1. Over region 20-67, what is the relative contact order in whole percent, taking alpha-carbon pairs under 8 Å and six or more residues apart?
2. For region 14-69, what is the per residue volume of the convex hull drawn over the alpha-carbon atoms, in cubic angstrom?
3. Return Ser96, Ser103 ranked ascending by Cβ neighbour count within 10 Å, so the fewest neighbours appear first.
4. Taking the Cα centre of region 20-67 as origin, sum charge times position over the Cβ atoms of Lys and Arg (+1) and Asp and Glu (-1), and report the length of that vector in debye to the nearest 20.
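Values quoted throughout were computed directly from the atomic coordinates according to the rules given, and no laboratory measurement underlies them. Keep in mind it's a predicted model, so treat the numbers as computed, not measured. Here Cβ is always computed from backbone atoms with ideal geometry, including for glycine, and neighbour counts include all displayed protein chains.
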Amino acid sequence: MCAPDPPLQEPQRKPGRRPRTEWVLSAMHHVLNHPEWPDLHIAESVGIHPSQLSRCEEYQLLAQTVREPELPLGGDTTTDPDSGLTPEPGRLQRLSGLGATASHIGCPASWLRDEALAGRIPHIAAGKRLIFSPDAVAAVLLKRAAETPEPRKEQ
C-alpha cells in the first residue's frame, strides 16, 4: 500500500528576497527623493546588494537623469528645431506614470502605452510600469504633428 502524495506547494523564495519590480520601484523612489544619496546607500536602504542596482538599466537611466538634470532623457541639450523646446539648465525633469502622462497630454492611456512599447514615445520601463517625461512626450508629439500633412478638404 502506497502513502498518499503530499499536496503540491508553491516554490518558496529565499527569506528576505524581494521581487525585482518591488525593489526597482523602491530604489527609483529613493533616487527621486534623495538624488544626493550614493547608490550604495540606496541599495542598503532597499535591501539589495549594490551590484544588483548597478546592473539595473532602468534604475541607472533614471538615476542619471535625476542626478544630471541639465541632460534630458535623450542626452541632447540643444534646442529641438521642430518644437522649439530647450531644456532649462539645472531643471529637474518631472516624471509621471502612464495615466498621469496620458491625462496631461489628453490622449487615451492605451494609445500612449502602445506608442511607447512600439518605440515611438520616449519612456522608462520599470517592470510592467512605464514612466514618462511629459515634456519629452509633448516634444515628440509636436514634432510628429508638424511633420504630418494636413488632410485635403473635399469640395
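1. Numbers: 35 pairs, mean separation 20.6, N = 48.
RCO, region 20-67: 43 percent.
2. In region 14-69, the Cα hull volume divided by residue count equals 68 Å³.
3. Ser103, Ser96
4. Computed about the Cα centre, the dipole is about 60 debye.
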